[in-house]
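Quick notes on the structure that follows.
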Amino acid sequence: MSSEGVTEDCLGWAARDPSGVLSPYKFSRRAVGDDDVYVKITHCGVCYADVIWTRNHHHDSKYPLVPGHEIAGIVTKVGSNVHRFNVGDHVGVGTYVNSCRDCEFCNDQVEVNCVKGSVFTFNGVDFDGTITKGGYSSHIVVHERYCFVIPKSYPLASAAPLLCAGITVYSPMIRHKMNQPGKSLGVIGLGGLGHMAVKFGKAFGLNVTILSSSISKKEEALTLLGADKFVLSSDPEQMKASAKSLDFIIDTASGDHPFDPYMSLLKTYGVFVLVGFPSVIKFGPANLNIGMKTLSGSITGGTKDIQEMINFCAEKEIYPNIEVIPIEYANEALERVVNKDVKYRFVIDIENSLKA
């Protein structure tokens, strides 16, 4: 069993081995503690992290493994100390479900940087030694600190991808002040993260350029996502014409790619933020030092930023582009994620498809 409990009352889909193939799986969640919220999961986004750990890419997968860390649902029980949430509230749960709650980063509500390590929502080892299991399941029990209010006006299916894809780009955009109207943003990679960077950039009043090596992305970049400009990064002439034109670049591409051509697009004092995980980062020091540019890394974000982002999306009516699927399609969806065949995020309809 994954945690305390006497009955296997949680239904999920799990991978049993590095093949990553998912199939139905029953397990137990812990009983609702005084500070806990019991969330009936309605939707769960499909993230590349689900591929990584179901298929043991990092050689640390703990099977049976229930993936999913873009969780949206409805509160059905609350612990006696819980005052932020009531039964019936719409909530989200993101990439981590625990932290020490005592270090400088936890005290600053950037728990993702917890000194003792934040506990991942799935395939993590919680402080009681249990292995966490994610959102491809019927419900989850989580400390209220790691739950987020989703306004009831905002669709739960749309909210799910915000909990990883959304916050991964929103957090560095806020940290590096990429919310200044009139400034210019370049986005590398047009997947789940990249398309959210475009949406946030436009909502912040930025001039947004999509940088892609594939000309086939041009029409969707300009018409579907509303970018201001498209630059074919594989065309040296287009890249040269765009030199020193961008205040900011967000690089969401995880495949290996050159960095020098993109660094040359930054203005003086420009900021390049990497949120993808290529196998190596290599560029000439002159492309960083000349122009006094900044290279920064980022992952997801703290609880303060996550709630702020959800509120911002609800206020500005920013919605991820999603394809809603039943749980039975999860294996095909993961394969399509590997093949980059999704515009731009799969979301599993847990509520209507996960049945005993």
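In this entry, the range 173-261 is assigned a mean projected area of 5.5 nm², taken as a quarter of its C-alpha convex hull surface.
For Lys229, a cut-off of 16 angstrom between C-alpha atoms picks up these lysines, skipping any fewer than 8 places away in its own chain: Lys183, Lys199, Lys202, Lys217, Lys218, Lys240, Lys244.
In this simple spin-label model, placing a label point 7 Å from the Cα along the Cα-to-Cβ direction at both Lys177 and Asp9 gives a separation of 5.2 nm.
Three semi-axes describe the equivalent ellipsoid of the chain; taken as square roots of 5 times the Cα gyration tensor eigenvalues and ordered largest first, they are 35, 21, 19 Å. Shape of the range 88-141 from its Cα gyration tensor (a ≥ b ≥ c, root eigenvalues): rounded if a/c is under 1.5, otherwise prolate when a/b > b/c, or oblate? Oblate, since a/c reaches 1.5 and b/c is not below a/b. Based on Cα contacts under 8 Å between residues 6+ apart, the range 10-73 shows a relative contact order of 40 percent. Using the Cβ of Thr303 as centre and a radius below 13 Å, the other residues enclosed give a net charge of -1, where K and R count +1 and D and E count -1. Taking the Cα centroid of the range 202-267 and of the range 170-193, what is the distance between the two, rounded to the nearest whole Å? About 12 Å separates the Cα centre of the range 202-267 from the one of the range 170-193. The angle between the Cα long axis of helix 165-175 and the main principal axis of the chain comes to about 60°, on a 0 to 90 degree scale.
Overall, the chain carries a charge dipole of about 720 debye about its Cα centre when +1 sits on the Cβ of Lys and Arg and -1 on the Cβ of Asp and Glu, all other atoms neutral.
With all protein chains kept in place, the per residue accessible area of the chain amounts to 42 square angstrom at a probe of 1.4 angstrom. What FRET efficiency would be calculated for the residue pair Glu317, Glu351, taking the C-beta separation as r and a Förster radius of 30 Å, to the nearest 0.05? Efficiency, from the Cβ-Cβ distance: 0.85.
The accessible surface of the range 225-356, taken with every protein chain in place and a 1.4 Å probe, is 53 percent carbon and sulfur. Between the alpha-carbon centres of the range 76-150 and the range 291-356 there is a gap of 18 Å. Among Gly201, Gly189, Gly33, the largest mean-square fluctuation in a Gaussian network model of the chain (Cα springs under 10 Å) belongs to Gly33.
Relative intensity of the range 1-108 on a log10 scale, I(q)/I(0) at q = 0.13, 0.16, 0.24 Å⁻¹, equals -0.60, -0.89, -1.38, per a Debye sum over C-alpha point scatterers of equal strength in the absence of solvent. Give me the angle, in degrees from 0 to 90, between the Cα long axis of helix 192-203 and the longest principal axis of the Cα atoms of the chain, rounded to the nearest 10. Its long axis makes an angle of about 70 degrees.
Net length available on complete extension from Leu222 to Thr76 is 48.4 nm, with 0.36 nm assigned per residue and the Cα-Cα distance removed. In summary, the convex hull built on the alpha carbon positions of the range 298-356 has an orientation-averaged projected area of 5.9 nm². For the range 171-212, the residues whose backbone nitrogen is under 18 Å from a point 7 Å from the Cα of Asn339, taken along Cα to Cβ, are 191-192. Only Cα pairs under 8 Å and 6+ residues apart enter the sum, and on that basis the relative contact order of the range 193-236 stands at 40 percent. Which of Pro18, Pro151, Pro258 ends up with the largest GNM mean-square fluctuation for the chain, with Cα atoms connected below 10 Å? Result for the chain, Cα springs under 10 Å: Pro258 fluctuates most. Can you tell me the orientation of helix 303-316 relative to the chain, as the angle in degrees between its alpha-carbon axis and the longest Cα principal axis, to the nearest 10? Rounded to the nearest ten degrees, it is 70.
With R₀ set to 45 Å, the beta-carbon distance separating Ala243 from Phe127 gives a calculated FRET efficiency near 0.35. Tell me the relative contact order for the range 132-214 as a rounded percent, counting alpha carbon contacts under 8 Å between residues six or more apart. Reported relative contact order: 25 percent.
The modelled label-to-label distance for the pair Cys100/Ile290, using points 7 Å beyond Cα in the direction of Cβ, is 4.4 nm.
Of the residues Gly88, Gly302, Gly255, which exhibits the maximal mean-square fluctuation in a Gaussian network model of the chain defined by a 10 Å Cα contact cut-off? Greatest mean-square fluctuation among the candidates belongs to Gly255.
Multiplying the residue separation of Asp235 and Lys282 by 0.36 nm and removing their Cα-Cα distance gives an extension gain of 14.9 nm. Among beta bridges identified by DSSP and lying wholly in the chain, the antiparallel ones come to about 55 percent. Between the beta carbons of Lys304 and Lys116, assuming R0 = 22 Å, the FRET efficiency works out to 0.70 to the nearest 0.05. Length gained on full extension, Ser214 to Ser19, computed as 0.36 nm times the residue gap minus the Cα-Cα distance: 67.2 nm.
The values are calculated or read from the model by the stated rules, or taken from the named source; none is laboratory data. Quantities reported herein were computed from a predicted structural model and do not represent experimental measurements. Cβ atoms come from the backbone with ideal geometry, glycine included; neighbour counts cover every protein chain shown. Surface areas here come from the heavy atoms of the whole protein model, side chains and all, with no ligands, DNA or RNA. Shrake-Rupley method; radii C 1.70, N 1.55, O 1.52, S 1.80 Å.
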